[in-house]
Amino acid sequence: MNFTENLNMLKEQKNISQEQANGFLYASSIERNLDCPKNIDLKIGTAHELVIEKTDGDKIQVITASNKLSFINQQVKVKFNESKRDMDIVVKHTSDLSDLASLENLFILVRIPEKFVADIELNAELENLEIRDIVFDSIEFDGKVKNVFVTNVSGLIELNTNSNINLKVNGAKGKIDLNHLHAVSKISFAEGQNYYLKNAGRFTRFVDSNANVIFGKREKHDPHVATDLIVELNGWKSEAQILQEA
């Protein structure tokens, strides 16, 4: 059972029992009402996995969970700062919780009312990032991440990272920008996923599953052909490898 499945049955309250965590030994939830579209700034810090998905209600919900961080309620705090058009969400760790422990053991789920989503800015150091079942204007990620899963989404996703990442795409519409500096990405597309590869960086290129160059010529304009998804490689001296369908 994965992280999202483990947390699907959580009730909307701040402190959650072991039984309610449905697979996680320790979990906590906090939420805020939304009544209009907001630009959301997520400062996650270090975590093993972050999932962003929609909710049908009017409340934004942040759930933190772990099987090993027994003092998660005391060590991990979620703070909201809100203005008329913006909402800042900051996940703070106490000094006795190491980054290594967070990277290995902290799971975070953010559920956002789709009708109130505008732009999302995300800063984090993660093992896994999953964006699923949500429509948005843009999500911009800054930080470090190893694995990115994009499933049933529509909008612009910008991945600003110098990490070597594994990207899996299924049912995506819009655009994914890979903004890399001397990094390598591996991209898997699900069967039936329509896409267009655009090489827009300096000394960047796409390669196939055998590491043969598909094309390295720089392209400045979006394609005029019909496509569900544009994957654009930006930055400097980076490569994106297109693997077999996931």
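Looking only at region 108-131, how many residues end up being more than 25 Å from residue 73 (Cα to Cα) and surrounded by fewer than 17 Cβ atoms within 10 Å (Cβ to Cβ)?
So the count comes out to 3.
Can you name the residue in region 121-172 that is at pLDDT 95 or above and of a type in the set (Gly, Ala, Ser) and, of all such residues, is nearest to residue 46 (Cα to Cα)?
Among those residues, the one meeting the criterion is 124.
Given the criterion out of contact with any Gly (no Cβ under 6 Å at 6 or more places or on another chain), crowded, with 18+ Cβ neighbours inside 10 Å, of a type in the set (Val, Ile, Thr) and free of Cβ contacts under 8 Å to residues at least 60 places away in the same chain, identify the matching residue among 213, 145. Working first, answer last.
Numbers: 213 fails: crowded, with 18+ Cβ neighbours inside 10 Å.
Result of the check over 213, 145: 145.
For every residue, the table says whether it meets (1) assigned to a strand (DSSP E or B); (2) basic (Lys, Arg); (3) open to solvent by 60 Å² or more (accessible area, probe 1.4 Å).
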residue: 96; (1), (2), (3): no, no, yes
residue: 133; (1), (2), (3): yes, no, no
residue: 140; (1), (2), (3): yes, no, no
residue: 150; (1), (2), (3): yes, no, no
residue: 157; (1), (2), (3): yes, no, no
residue: 186; (1), (2), (3): yes, yes, yes
residue: 191; (1), (2), (3): no, no, yes
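Based on this model, can you work out whether residue 42 counts as among the aliphatic types (A, V, I, L, M), more than 20 Å from the chain's Cα centre (by Cα) and at pLDDT 85 or above?
Values: among the aliphatic types (A, V, I, L, M): yes; more than 20 Å from the chain's Cα centre (by Cα): no; at pLDDT 85 or above: yes.
So residue 42 fails the test.
Among the residues of region 163-184 satisfying the criterion of being in contact (Cβ under 8 Å) with a residue 40 or more places away in the chain and not in a strand (DSSP E or B), which is most open to solvent (accessible area, probe 1.4 Å)? Can you show your working first?
Residues of region 163-184 in contact (Cβ under 8 Å) with a residue 40 or more places away in the chain: 168-170, 172-184.
Still in the list and also not in a strand (DSSP E or B): 182-183.
On the way: 182: 130, 183: 3 Å².
Among those that are in contact (Cβ under 8 Å) with a residue 40 or more places away in the chain and not in a strand (DSSP E or B), it is 182.
Any idea which of (1) over 24 Å from residue 138 (Cα atoms); (2) touching a Lys or Arg at 6+ places or on another chain (Cβ under 7 Å); (3) open to solvent by less than 10 Å² (accessible area, probe 1.4 Å) is the one residue 72 doesn't satisfy?
With (1) over 24 Å from residue 138 (Cα atoms); (2) touching a Lys or Arg at 6+ places or on another chain (Cβ under 7 Å); (3) open to solvent by less than 10 Å² (accessible area, probe 1.4 Å) applied to residue 72, the lone miss is (2).
The values are calculated or read from the model by the stated rules, or taken from the named source; none is laboratory data. Only a predicted model underlies this, so the values are computations on that prediction, with no experimental measurement involved. With ideal geometry, Cβ positions are generated from the backbone for all residues, glycine too; neighbour counts draw on all protein chains shown. Each accessible area value is taken on the protein alone, full model and side chains, heavy atoms only, with ligands, DNA and RNA left out. Shrake-Rupley method; radii C 1.70, N 1.55, O 1.52, S 1.80 Å.
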